[in-house]
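Peer 1: I'd like to ask some things about the structure below.
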Amino acid sequence: MADFDRLDQTGPTKAASRGWQGAMLKLFGADDYELTVTGSERVTDEFLRIGFTGGGLLTDRPLHPTMWLRLWFENNHGKLHQRGYTLVDPDTATDSFSIEFAMHDGAATRWARDACPGDTIGASFLGSRFAIPEPAPSGWLIAGDTASLPAINSLLDEISSAGHGAPATIWLEYTHDSDRSLPIRLRDHDTITWVRRERDGAALVEAVRAAAVDATGQFGWVALDTKSTRAVAASFRNDYGLGKKSVKSQAYWVPNASQS
Ligand SMILES: Cc1cc2nc3c(=O)[nH]c(=O)nc-3n(C[C@H](O)[C@H](O)[C@H](O)COP(=O)(O)OP(=O)(O)OC[C@H]3O[C@@H](n4cnc5c(N)ncnc54)[C@H](O)[C@@H]3O)c2cc1C
């Protein structure tokens with residue numbers, strides 16, 4: 001994560017209040033958009049899907065699995081901060097998509113809870129890249145949680161549509177019992193292990209390590225909290241024998257981050 005991924009800024013107007021984070025994103029070539037809410041659906045008590053039109057975001061833009069953007073949320077102190085969110089079922093023809101919010105105590109959740117059709121939110125697009133490796137891996141090792149479930153689903157869709165049918169072995173960390181009923185786009189030959197979040201994520205890391213086999217030829221994809229992401233990516237390399245280029249990892253959230 002670049003430094004400007006995490007820090008918060010203040011300012012007199014919404015545009016200006018993006019501060020140096022916004023300026024850095026601009027410098028690196030980010031495109032800015034205003035998204036409009038089209039609808040909201042509670043998938044479970046702890047997981048919310050919101051529909052958007054993209055204000056031109058998807059016009060002429062190639063799509064890729066796990067594609068994400070940065071949404072600008074206003075916190076209790078009137079500061080804006082940007083956080084990553086994944087495009088769900090993006091449709092370039094209508095410039096529309098959904099975003100799924102795993103609920104927690106944060107500015108993003110607060111915004112999502114109250115979002116109504118017609119509401120708008122700022123978004124910046126920069127840094128989202130991923131493609132299925134060539135040649136296609138013989139299998140996939142995937143570790144995530146409810147924040148990365150939208151990305152995992154887009155990955156499973158892409159693996160299926162590529163038609164090579166490589167099986168996926170998935171570890172999913174959950175916090176609420178209802179998380180286990182969330183829709184996952186599994187194929188018959190995929191396997192999933194649910195692990196309750198315990199000891200700040202250590203339970204999932206241990207489950208991954210305990211299942212280690214020689215997985216040469218497979219590809220690892222990891223998106224958890226910062227510490228767990230590092231630990232699982234290391235396990236895929238060291239315990240499963242995957243090369244550095246055969247593991248894609250990105251921390252999706254910071255545990256016990258100071259509230260902003
Ligand atoms: C590339 C990318 C794609 C992402 N896609 C999605 C997505 O599609 N859906 C989604 O829900 N999230 C997604 N995330 C994660 C999301 O950006 C973070 O959860 C973010 O921290 C939420 O911001 P916030 O303002 O609500 O909370 P913050 O101000 O960042 O944090 C406030 C408090 O909430 C805690 N917290 C933050 N996130 C979580 C969490 N997931 N679980 C438990 N506690 C948490 C923090 O530790 C802190 O204590 C993605 C992240 C990245 C990097």
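Peer 1: I'd like to verify a number: residues in segment 104-118 that are within 6 Å of the ligand (Cβ to nearest atom) and buried (at least 20 other Cβ atoms within 10 Å of the Cβ), how many?
Peer 2: The number of residues fulfilling the criteria is 2.
Peer 1: List, please: which pairs have Cβ atoms under 7 Å, are six or more places apart or on different chains, and start with a residue in segment 81-97 that is farther than 13 Å from S148 by Cβ and end with one that is assigned to a loop (DSSP other than H, G, I, E, B) and within 11 Å of the ligand (Cβ to nearest atom)?
Peer 2: H81/D8; H81/N75; H81/S260; L87/M67; P90/M67; F97/L87
Peer 1: Something else now. If we scan segment 61-82, do we find a residue that is in a loop (DSSP other than H, G, I, E, B) and among the β-branched types (V, I, T)?
Peer 2: yes
Peer 1: What are the residues in segment 206-260 that are closer than 19 Å to L155 by Cα, hydroxyl-bearing (S, T, Y) and over 20 Å from the mean Cα position of the chain (by Cα), if any?
Peer 2: Matches in segment 206-260: none.
Each value in this text was obtained by applying a stated rule to the coordinates, not by laboratory testing. As the structure is a computational prediction, the values presented were derived from the model and not from experiment. Here the Cβ is made from the backbone with ideal geometry for all residues, glycine too, and neighbour counts use every protein chain on show.
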